[in-house]
1. Under a point spin-label approximation (7 Å from Cα along Cα-to-Cβ), what is the ARG421-SER100 distance to one decimal in nm?
2. Any idea what diffusion coefficient the stretch 476-569 gets from Stokes-Einstein, in µm²/s, Kirkwood Rh on alpha carbon pairs, 10 °C, 1.306 mPa s?
3. If you wrap a convex hull around the alpha carbons of the stretch 7-98, what volume per residue comes out, as a whole number of Å³?
4. Keeping the other protein chains in place, figure out the carbon and sulfur percent of the accessible area of the chain, with a 1.4 Å probe.
5. If you scale each eigenvalue of the Cα gyration tensor by 5 and take the root, what three semi-axes come out for the stretch 450-505, rounded to whole angstrom and sorted largest first?
6. Give me the mean projected area, in nm² to one decimal, of the convex hull enclosing the Cα positions of the stretch 581-695.
7. Can you tell me, using C-alpha contacts under 8 Å and at least 6 residues apart, the relative contact order of the chain as a whole percent?
8. Students often get this wrong, so check it: of LYS139/LYS335; LYS335/LYS379; LYS262/LYS680, which have C-alpha atoms separated by over 27 Å?
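The values are calculated or read from the model by the stated rules, or taken from the named source; none is laboratory data. Since the model is a prediction, treat every value here as computed from it, not as a measurement. Note that each Cβ is placed from the backbone with ideal geometry, even for glycine, and that neighbours are counted across all protein chains shown. Accessible surface is based on the protein model in full, side chains and every heavy atom, while ligands, DNA and RNA are left aside. Shrake-Rupley method; radii C 1.70, N 1.55, O 1.52, S 1.80 Å.
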Amino acid sequence: MPATADDLRVSRIASLTLINAMVFQEILASNNPRVRPLARTIAGKNLATNFAAVWEDITTNIDYIPIFSVAREIAIDLQGIPDVDKALRTLAETAQGITSRRAALRHDLMGRIYHRLLADAKYFGAYYTTVPAAALLLKLTLDPQNTDVDWSDLNTIKEFRASDLSCGTGTLLKATLQTIVDNHVRACAAKGEKPDLQLLHKILVENVLVGFDVIPFAIHLAASALAIHEPEVQFGEMHLYTLPLGGSPKLHLGSLEFLANKETVIQADLFGGASSSERVTGAGDVQEKAIVPPLDLCVMNPPFTRSVGGNLLFGNLPPKQRATMQAALRKLVQKNKVKANITSGLGSVFVAIGNKYVKPKGHLSLVLPRALLSGVAWKDTRELISAHYQLNYIVTSHQPNAWNFSENTELSECMTVARRRSNGDTLVPTKVVNLWRKPASSIEALAFARTIMNAPGVMLDGQTGTDSIEIGGHKIGEVILCPPERAKAGIWRFEAAYAQTDLCRTALYLSQGQVYVPGRSVVGGFPITKLRELGTLGPDRRDIHDGFTTSEAFTAYSALWGHDTESVQSLSQAPNKYLSARATAARGRNLRDATVLWSRAGRLLIAERLWLETTRLLSVRLTATSLSNTWWTFAPYDDLSVPVEDIERILALWINSTLGILSFVAARVDTRGPWIAFKKPMLEDIEVINPIALNKKQRRALVKAYEELSGETLQSVPDINADGVRARIDDAIMKVLGIGDNLSSLREMTAQELLVRGAR
């Protein structure tokens, strides 16, 4: 009978459990003569029996039950199985190779392997932080100049509390440990004192670090990662907890239950049952409850599966139980009046939980989807941070195909460091770090952190210039300062919009009705208005699918279906589909009224989502009123002083100009690098050229330009610098505005932008 996917998953995790125990055995053997080394253990036959005996001796006479107990049970079950000696010998030889490279052990190697093996990552939202990203985040967070801690004093450190409410294999906790050790060594050196690293390690493991997760094996790997940092140090207890998820009849929500109370029960069944309580300790598993103490640091890369697009919240559980838990979470959020939006995923809720326990002057440091910076669903989280914290850092990656700070994902992410304000604190600018490349190692991350901390940064408002940061003569990014008033208002998108500071500056000035050209500063202005003042955006794609199906035959409802860049190449487009009104609802959905949906159709379309590396147009004007599944319809008000047709033509021209592209892309919600979306509330608030405020001569000139260029083929956005049609669009707009610049420098910079250029 062939092995199933579940069989393979169990076998891989079991193998990782065994090799993790073997590595730790070899390290203990080098420090303790009572422990038999691997070479002696695999010297004979019946290796499963040999390992079971060694690991029983360790757990009985020394310690480390969390690391060896599960491995011992697996070894016992393997006794007598044909060919098992060969498999165990292979694992042991690999473990020997790993332990010969001590540097690898300090970087949570087993956690990295586990992340690769974890088949349920997308359902748990378990995308674990990379080691370099964790090192960078914690160095920026625990900068001695920004913390009120005497890092030379072990008694002071003993009172420090740092927690990860979704710690996984402990990468962020280990980075916290390593950063505190570094701070202690430096502080002692400054005083001419000798650090006691073994005592410090014992204090950190027993008192300082607190971790929670719903995956038992991940917690045990976290225990291994922390213990292996100083393997010769024996400790009495660890505050690492496995929390139950699901269960019946009592339903558990893991760390999410900390929304209501600071304590919750702990899971006893090592493989996932939600029963009595358990804490991982150096000497074994203790039955009790988990408590979140007041925190000096809450650091997290929380799960961020979203509640839309198939609703993967609690996706690792059966559908019926998942629905029950989703309902329980909604009730918990509403009852506790939590400043979070479940639509954005569990990440928003975890931030609210962290906020609940962070002390004044304590830090909330996060790895989150990059949508945090501009996404409508993340507005509550931005407002929560803005209301209570000094936002010290926002770090984004613009490195092509490396938009993430987590493993096993291509999703765009950001890191934030925020310090909780206390009475009398004065807000200072936020450093926004736009990385052109990420650190490739934890050692490099330390250099990145020092360079970033020393960078003065530049403002976008009223300033010119760029603060480039370099290491070894190689540029790694640019640093921009977001003024306190904008950071406090939750307007974080401009400073992180592009890798190039001057493009960020251009986007900001465009939102104020001014044209900024690098090298020439502000060259002119134009009348602006919010898009919502000119008309209304139509229904989203879910509503379209709930009201219609596509049809090849003629119907009264036309549509532009899809966004094929090989066919959508000019400003003017014809509908390519017909729609048929549904008579009955689609399975699992509500029926939408086709008449109501059609009343919101339009001729001007604005992209709902697109792939920047290939797209040619952000907006098109159709030859007939239509709906779409990949474009927002826009219908100008018919009671304005300017004809609807002229508004449509002018807006289509503007949105596809270089200025329009830079303005709209800055208002994007990132999904995966160049794969971006435009959400309705953001589009409604975006500032565009105001056709109403133009005089008749200006409007006639822009309409004429549209008519002349509407059938011309435009190149993709990455080729904007060589696009003659785009240049003619820009020239027409600049001429109408009376600005003597051809925008060629902006087109060149846009073509070189990392987000646009991507992998080219």
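1. Taking the simple label geometry, ARG421 and SER100 are separated by 5.7 nm.
2. Translational D for this selection: 89 µm²/s.
3. Normalising the Cα hull of the stretch 7-98 by residue number yields 88 Å³.
4. Percent of accessible area from carbon and sulfur atoms in the chain: 50.
5. 21, 12, 10
6. Seen from a random direction, the Cα hull of the stretch 581-695 projects 9.0 nm² on average.
7. That works out to 9 percent.
8. Pairs exceeding 27 Å: LYS139/LYS335; LYS262/LYS680.
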